[in-house]
Amino acid sequence: MTESNTLAHATELITPAEPLPRDSAGVPFRLAAGLAGFALLAVLALAWLVWQGSERLETTRQELARRLTNSDTAQRETQANAKQNREALDALQAKVGALEARAAEMQSQQLALETMYQELSRVREDRLLAEIEQDVSLAAQQLQLAGNVEAALIVLQGADARLAKSGQPQFLPLRKLINRDIERLRALPGADVPGIAMKLEAILNIVPNLPLAYEQRPAPTSVEKPVAAVPPGPTFDWQAMARAWLADLWHEVRQLVRIERIDPQGIGDPGLLSPRETFFLRENLRLRLLSARLGLLARDGRSFQSDLKQASEWLERYFDARAPAVVEAQASLKNLARQNVMHAPIELNETLAALRNFKLTRDRRASR
């Protein structure tokens, strides 16, 4: 309700509907004055209420305007933030796309690296198997050709150490076979074939320098010269001097001719040998020693003993038995003849076959 409408309504209340009678007393006038005052107060109250309402309305309008302004500012800020968020989201999406592309690239690189690693691992395993096969073949050759058990043991132990270092469980059957061969070689009681071969080689090297029996010289004898006693005195004894001179002459004559037996063992006359026969004697002795070494490597004990016996007989018959080199060679041959070289060599064919089968199986799987 507006202010004009309020005043009109108050005027209608003050205006009497009917004129007061003239004969009325002052009561109606006072009533009218009271009503007018009341109406005035009401009008004032209403005016004050209207003013208060307008003030509140203005305050509300200003608060609403301020809030609308704040709302517009917040909306603009929100729109700006939303725009920034959209831009950030677009940037993040672009980064995510780049990261996805990078991840795909890295995944492809990882697959390529895994493939390369598998290839390298397979190549490394193939190389390891080739080395192990070569080691086992070398050990088998040492056993078959040279009978060198120690060298074969060293080679097999090195192969087992490489397989253990690789840490591959598929190599366990191969390691079991190699360990079994190592235990068999350790339990083998045979002779020291490399040591015997080295001793035979030493005798072969001194054969050209061994002195023959007919070339020996008589051993020097220590014969004291007789010394004639010359009696002391001022006179010179010609007889004593003559006896001393004759004794010295006889001693020198005895040294000119000497007869000595060169076969004190009673073997017989070694006979004189021409230079050509001497050469063939030494070569035949060397051939006997070489044949004994071949019998040793072949584990042919009968041939080994026979050749050593023949070589010992030739040394005793045709060479100087008093020479230190001949005595040492004879003692070495007798010691070697007592060695037992008849044990059967160990074969590594089963281990070699297992290695080859393992390689063939891997190649077939790789080709699939």
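No lab work stands behind these numbers, since they all come straight from the coordinates. From a predicted model like this one, the values you see are computed outputs, not experimental measurements. Neighbour counts are summed over all protein chains in view; Cβ atoms, including those assigned to glycine, are modelled from backbone coordinates with ideal geometry.
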Highest mean first, what order results for 36-47, 53-64, 150-161 on Cβ atoms within 10 Å? 150-161, 36-47, 53-64
In nanometres, the difference between 0.36 nm per residue of separation and the alpha-carbon distance of ALA36 and GLU63 is 5.8 nm
20 Å cut-off, amide nitrogen to a point 7 angstrom out along GLN109 Cα→Cβ, residues in segment 65-99: 95-99
For PHE319, what residues show an amide H to amide H distance below 5 Å, using hydrogens built from the backbone and excluding near sequence neighbours? ALA213
Label-to-label distance, nm, for residues given as ASN70 and LEU49 (7 Å Cα→Cβ offset): 3.1 nm
Sorted from largest down, what three extents in whole angstroms do the Cα atoms of segment 132-210 have along their principal axes? 61, 23, 17
Which of the lysines could be linked to LYS176 by a straight reach, that is with a Cα gap under 26 Å, when you skip same-chain ones fewer than 8 residues away? LYS165, LYS359
